[in-house]
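FYI, it's all coordinate maths here, none of it is from the lab. In this text the structure is predicted, and so the values were computed from the model without any measurement. Neighbour counts run over all protein chains shown; Cβ positions are idealised from the backbone, glycine included.
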Amino acid sequence: MGKEVQLPPIGLRSLPRRQIIITLGGVLLTMFLSSLDQTIVGTATPRIIADLGGFAHYTWLATAYMVTSTIVLPITGKLTDMYGRKYFYTAGIAIFILGSLLCGLSQTMTQIIIFRGLQGVGGGIIMANAFTVIGDLFPPAERGKYIGLVTAVFGVSSVIGPTLGGFITDSFSWHWIFYINIPLGIITIILFIVFFPHFRQDNLEHKIDYAGITALVLAVVPLMLALSWGGTEYPWLSVPVIGMFALSAAAIVAFPIIEGKSEEPIIPLRIFKNPIVAISISITFLSGIGMFGSIIFIPLFFQGVLGLSATTSGSFLMPMMLSQVIASFISGQLLARTGGHYRLQGIFGLAIMALGLALLSRVTPETSYASAVVNIALIGFGLGITMPLYTIAVQNTVPYNVLGAATSSVPFFRAIGGTVGLSIFGSIMTNRLASEFLTKLPETIKALIPPELLSSITHNAQVLVSPEAQAQLQAVFRNMGEQGAALCDQTLQTLREALNSGLTEVFVVAFVMTVLAFITNLFLREIPLRKQHMLDESEKG
């Protein structure tokens with residue numbers, strides 16, 4: 001990729017130790033802010049859906065955030081290479097806070113989906129900068145310790161988030177899970193304005209790749225819309241779905257052509273000629289599908305299938321998050337202290353994650369809480385091992401002047417995988433739920449339930465997670481006389497079994513994707529972690 005040379009002290013690497021500590025602290029604080037929000041929202045999502053309606057859009061609270069944060073990742077990475085990190089970082093935090101406020105004020109599903117998208121813009125900017133700043137501060141041989149620390153902070157917030165989200169949702173309302181971001185975010189902005197250093201790699205005039213940005217947006221957004229609409233809003237072969245797929249496909253074809261002609265492409269395609277980068281990106285894409293398939297749908301399993309409250313389900317998620325924290329910290333330390341065996345650690349982590357998903361796919365409504373917790377703890381441990389690895393592998397093999405663009409490509413493709421996975425899993429779950437429920441519900445009960453109510457239950461399992469919805473259903477069955485209560489219980493049990501069937505299929509697909517990531521990891525080449533930054537000789541000015 002280029003000859004390794006010792007660079008003169010520039011930018012963040014020339015800061016005194018005190019300033020480095022403050023800068024690193026700011027990075028950790030912003031990561032805590034954004035990741036805490038995601039885990040809180042994940043636990044509260046069933047209640048939000050129950051309050052605002054629209055079970056068919058269950059995944060969109062996560063998907064809207066993922067789509068927008070995904071789009072801004074490579075854009076932010078490139079622009080910060082060109083113009084510096086500070087102002088983009090600060091703007092990202094401000095956008096995140098504004099999105100949080102508007103989410104809390106939302107009164108409809110449409111509103112909260114739009115504002116989650118705005119929140120995702122801020123979250124994506126934060127994410128793109130966090131790992132890149134670690135690359136600014138430390139050479140590859142040292143980064144494992146600190147990237148492991150960043151991902152451990154993500155895990156700590158994940159430990160706090162589910163329980164806190166459940167408590168706030170049950171004790172106050174889901175609106176407050178968004179409001180709590182505001183004071184912490186304001187404090188973070190003040191700290192960034194005062195303490196975070198501003199530097200640019202150069203003072204050259206740069207040209208923003210607007211055509212590349214447009215093509216990127218047109219490639220990602222229509223694809224996500226098509227995957228989300230297919231089988232729920234519209235049939236897969238409908239004009240809107242096929243039209244979105246066609247638009248995305250055209251943009252995907254045009255994107256590399258545009259980038260190849262651009263003076264300063266948003267995503268420098270030459271970095272993918274390096275097999276370590278290409279394979280690392282492929283692994284993050286595949287594991288991203290499995291990762292988000294488990295994280296987003298596990299709360300629904302605990303609340304909808306096992307019948308736990310939001311608070312209780314949050315506490316049962318804690319072992320998964322704790323195991324992720326521990327594994328991420330250990331993985332980062334091992335990476336830094338043993339010379340960078342990211343391939344070997346990836347084999348171990350992906351195998352454990354796949355095992356956890358395989359066991360989770362076998363759960364039923366009769367599964368004990370302890371068994372379910374062990375399964376998700378395995379997923380968390382495997383996930384924690386893999387999180388720091390591929391960012392380090394990519395950073396270790398690219399020149400410093402594309403550090404932001406290359407670093408942001410890792411979470412970009414992980415997020416693309418996660419968003420594709422969520423869309424596919426959402427379609428799988430809703431379709432399987434409907435077919436299983438109608439197949440297993442006795443004809444005698446179908447005949448007694450009003451057609452409108454039966455259709456609502458068939459395509460919307462919110463009655464399993466909403467006490468209010470259950471009370472309304474019970475009131476309908478009470479009008480049927482003495483047998484009403486028994487019929488209601490049987491209907492709910494059938495719906496619970498149907499939801500479990502849908503979630504089982506989701507976890508099976510997530511397992512398959514993780515196995516594919518494991519196989520891909522076998523082809524990853526390990527090279528020693530460098531002890532200084534690298535600049536391509538051909539690009540030295």
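General observations
- Cβ-derived FRET efficiency at R0 56 Å, Glu468 paired with His206, nearest 0.05: 0.55
- For Trp229, Trp176, the sequence from fewest to most other C-beta atoms within 10 Å is Trp176, Trp229.
- Restricting attention to the chain, the count of lysine pairs at 8 or more positions apart or across chains with alpha carbons under 22 Å apart stands at 16.
- Look at (1) 60, 55, 45; (2) 85, 47, 45; (3) 65, 52, 48: the one that is Cα extents along the principal axes in Å derived from this structure is (2).
- Sum of side-chain charges, Phe196 neighbourhood, beta-carbon under 9 Å (Lys, Arg +1; Asp, Glu -1): +2
- Rounded to the nearest 20, the size of the Cβ-charge dipole of the chain about its Cα centre is 1340 debye, with Lys and Arg at +1 and Asp and Glu at -1.
- Proxy reagent accessibility, fewest Cβ within 10 Å first, across Trp60, Trp236: Trp236, Trp60
- Taking other residues whose beta carbon is less than 15 angstrom from the beta carbon of Glu468, and scoring Lys, Arg as +1 and Asp, Glu as -1, yields -1.
- Per residue of the chain, the DSSP helices (runs of n ≥ 4 H) give a summed -39500 (n - 2.57) that works out to -26000 deg cm²/dmol at 222 nm.
- Screening the chain for whole DSSP H helices of 20 Å or more along their axis (Cα) with average Kyte-Doolittle hydropathy at least 1.0 returns 86-104, 109-137, 181-195, 210-229, 239-261, 275-300, 342-360, 369-386.
- Per-residue packing, averaged as other Cβ atoms within 10 Å, sorts the ranges 118-127, 482-491, 339-348, 183-192 into the order 118-127, 339-348, 183-192, 482-491, beginning with the highest.
- Region 319-380: proportion of alpha-carbon pairs further apart than 15 angstrom, %: 55
- Burial ranking of peptide ranges 281-290, 448-457 (average Cβ count within 10 Å, highest at the top): 281-290, 448-457
- Proximal charge balance of Ala44 [Cβ under 14 Å; K/R count +1, D/E count -1]: -1
- Across the chain, Cα pairs under 8 Å and at least six residues apart give a relative contact order of 26 percent.
- Extension gain, Gln333 to Glu142, is 67.9 nm, computed as 0.36 nm per intervening residue step minus the present C-alpha separation.
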